[in-house]
1. Restrict the check to region 183-192 and report whether at least one residue is of a type in the set (S, T, N, Q) and assigned to a helix (DSSP H, G or I).
2. Testing Val213 on (1) exposed (fewer than 15 other Cβ atoms within 10 Å of the Cβ); (2) in contact with a Leu (Cβ under 6 Å, 6 or more places away or on another chain), one condition comes back false. Which one is that?
3. Name the one entry in Val183, Val213 that is of a type outside the set (Phe, Trp, Tyr) and either modelled with pLDDT of 90 or more or in contact with a His (Cβ under 8 Å, 6 or more places away or on another chain) (or both).
4. What about Ala119, is it surrounded by 19 or more Cβ atoms within 10 Å (Cβ to Cβ), within 23 Å of Val213 (Cα to Cα) and at pLDDT 90 or above?
5. If you go through region 31-47 one residue at a time, how many are under 18 Å from Phe192 (Cβ atoms) and modelled with pLDDT of 75 or more?
6. Quickly run through region 104-162 and pick out the residues that are out of contact with any Asp or Glu (no Cβ under 6 Å at 6 or more places or on another chain) and β-branched (Val, Ile, Thr).
7. I need a count of the residues in region 77-89 that are farther than 13 Å from Val258 by Cβ, assigned to a helix (DSSP H, G or I) and not hydroxyl-bearing (Ser, Thr, Tyr).
8. Looking only at region 192-250, how many residues end up being among the basic types (Lys, Arg), within 26 Å of Asn62 (Cβ to Cβ) and without any contact (Cβ under 8 Å) to a residue 60 or more places away in the chain?
Amino acid sequence: MTKTKSSPRQYFIGDKAFYSRVFAIVVPIIIQNTITNVVSLLDNVMVGRVGTLQMSAVAIDNQLLFVFNLCIFGGLAGAGIFATQFAGANDNAGVRNCFRIKLMTGFLMLAVAMVMFLAFPRQLISLYLAEDTDPADAAATLGYALDYIHIMLVGLVPFTISQVYSSTLREVGETKIPMKASVISIFVNLVFNYFLIFGTFGFPKLGVAGAAVATVLSRFVEAVIIIVYTHKHSNKFSFIQGVYKSMHVPTTLLKDVVRRGSPLLMNEFLWSLGSATLSQCYSVRGLDVVAASNISTTVANLFNVVFISMGNAVAIMVGQHLGANEIEKAKQTAWRLIAFTVFATVIISCIMCACAPFIPKIYNTEEHVRQLATDLLLVVAIIMPAQAFGHDCYFTIRSGGKTLLTFAFDSGFSWCVSVPLAFVLANFTSIDIIPMFFIVHSLEIFKSIIGGILVKKGIWIRNIIA
């Protein structure tokens with residue numbers, strides 16, 4: 001291994017070849033995430049045109065399903081760290097074993113989620129209904145939410161399978177196929193939303209239930225496309241060859257994945273639960289806040305796609321350098337990606353500030369809900385560069401297998417700092433939602449400082465498959 005000396009500028013700014021590789025990895029992911037969030041926005045608007053209570057019901061369910069989604073991402077991430085480094089070392093057998101571990105993990109979590117959502121749907125949804133909510137509004141919102149979530153549970157099966165396949169494809173450097181499958185499924189979702197929510201072209205008018213049916217259908221379409229394409233091109237994706245002949249996985253690898261992956265699973269579960277808890281704290285201020293928060297979150301996700309997608313680039317590029325034992329390249333790549341992400345996010349946050357007063361106007365809801373959504377969007381935009389920095393720091397630390405450290409950095413910070421503060425402000429003060437939201441979100445600045453220190457120390461640097 002040889003060390004290469006670089007000037008500070010070269011260390012943070014790459015050459016043309018570097019950015020060509022970054023764009024090859026991240027652009028398909030950005031396209032996929034952008035289209036996903038555009039359609040999510042349109043989906044949100046369609047449901048919102050049915051009524052504010054229906055929009056609030058879907059928002060509550062999606063917050064609960066968000067916990068499951070992130071648990072899937074976290075549960076697969078442990079094996080994913082190993083798969084990325086195996087891919088860097090051109091070890092197809094290692095990637096294949098990681099794929100098998102992902103399947104077992106995914107279906108185990110799916111079974112747990114099904115039990116929870118089928119056994120306690122009313123109790124979970126009721127957590128988001130403020131005590132002073134009008135009883136009729138609360139009952140209607142609960143009814144809409146129950147209709148929606150019972151249908152959405154069917155879609156958890158294809159969602160889990162497609163995540164196992166698409167995450168592994170990305171880890172071996174293939175980002176276009178998951179993007180294409182997602183884009184097709186998204187348009188299926190959009191078209192059938194229009195058909196089934198409003199009952200157009202002879203379809204039944206199902207309202208909120210129609211939005212759920214359209215989403216489930218789109219998830220089956222996505223899973224089928226990815227599965228069929230991967231197996232038809234097994235010469236290109238060698239890890240899939242013979243993957244179902246046996247589910248045997250070397251005991252040593254399984255133990256290593258469980259040891260390093262368990263903190264990631266717990267991290268995503270606790271972080272997503274923390275996010276859901278924050279939303280519940282905000283919902284104490286009423287259903288109008290739930291509706292406005294739903295609008296701001298949906299819109300913010302559209303602007304967040306660049307820095308969220310860059311996290312994938314960090315995981316893939318840094319992880320492959322570590323797997324190939326290119327330590328200096330891994331360090332340099334991490335800082336270049338972080339610098340690029342922050343630069344891009346500053347520009348995007350300025351655009352978001354300019355658009356914030358106008359986007360909520362497309363929603364068919366009360367004017368004060370639109371204004372509240374605008375104020376929340378401005379807060380998110382101001383904090384976004386710090387959030388982007390911390391996001392890339394998280395994926396940098398994770399790429400070296402330092403999962404306990406990522407656990408402390410991510411969900412540890414959330415539950416020890418963000419959630420307690422939000423809970424106190426919501427339940428023991430009369431502070432308005434906007435300053436409360438700003439105070440809680442500003443904690444991202446302190447988190448990003450901690451992340452920068454951890455990345456600079458280099459304690460995350462490790463080849464875990466050597």
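1. Scanning region 183-192, I find at least one residue that is of a type in the set (S, T, N, Q) and assigned to a helix (DSSP H, G or I), so the answer is yes.
2. (1)
3. Val213
4. Considered against the rule, which asks whether it is surrounded by 19 or more Cβ atoms within 10 Å (Cβ to Cβ), within 23 Å of Val213 (Cα to Cα) and at pLDDT 90 or above, Ala119 comes out as no.
5. 2
6. Thr105, Val112, Val115, Ile125, Thr133, Thr141, Ile151, Val154, Val157, Thr160, Ile161
7. Step one: of region 77-89, the residues farther than 13 Å from Val258 by Cβ are 80, 83-89.
This time we only want the ones that are assigned to a helix (DSSP H, G or I), so: 80, 83-88.
Add one more test, that the residue is not hydroxyl-bearing (Ser, Thr, Tyr), and what stays is 80, 83, 85-88.
The total comes to 6.
8. 1
The values are calculated or read from the model by the stated rules, or taken from the named source; none is laboratory data. Since the model is a prediction, treat every value here as computed from it, not as a measurement. No Cβ is skipped: glycine too gets one built from the backbone with ideal geometry, and neighbour counts run over all protein chains shown.
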